[in-house]
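*Asks:* To start, I am sharing the structure in question, which I have written as structure tokens.
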Amino acid sequence: MAPTKNVLDDARELVEKRLAELNEERERLQRALAELGGKVTRRSPGRPRGRAKAAAKTATTTRTGTGTGTGRKRRRRGGTRADQAVKLIESQPGISASDVAKTMKIKPNYLYRVLGDLEKEGRVKKDGRQYYPAG
């Protein structure tokens, strides 16, 4: 049993030596980056990557209520999916939900929810599997 123990001790020493070398190299690189004007960030031990951003976002969300971190709401681009669906139904009365989804390049399961809401709002009418503009 003694030879096995020596092998394990030797392996442990090699790993510890390599870790020390890597730590020295990391410190040298951090100093070089700092001298070049770069930002040196240091995570505390045991904290997984990305947690600082998530924690900052959570703190910002509770402060501003928007979750974007800037205190402003994100602007929508080109109208909502509901508005796009209504325009498509107006241009092609009697179109099916799956055809609307294909044309809009979105998944039908999402569109069925949107169309249900539009029907409740009275913006579209459903007859069987076909949708028509309301009124």
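Just so you know, all these numbers are worked out from the coordinates, no wet-lab data involved. This is a predicted model, so every value here is computed, not measured. Glycine also receives a Cβ, built like all others from the backbone with ideal geometry; neighbour counts cover every protein chain displayed.
*Asks:* Just subtract the alpha-carbon distance of A11 and S91 from 0.36 nm times their residue separation and send over the number in nm, one decimal.
*Replies:* Once the chain is fully extended between A11 and S91, it gains 21.5 nm.
*Asks:* Moving on. Under a 5 Å amide H to amide H cut-off, with H placed in plane at 1.01 Å, what residues pair with A134 once short-range neighbours are removed?
*Replies:* When sequence neighbours closer than 5 places are left aside, the close amide H contacts are V124, K125.
*Asks:* Please sort 98-111, 19-32 by packing, taking for each peptide the average over its residues of neighbouring beta carbons within 10 angstrom, highest first.
*Replies:* 98-111, 19-32
*Asks:* A further question on this structure: Would you pull out the residues with amide H under 5 Å of I95's amide H, same chain only if 5 or more places away, H placed 1.01 Å from N?
*Replies:* For I95, the qualifying residues are Y131.
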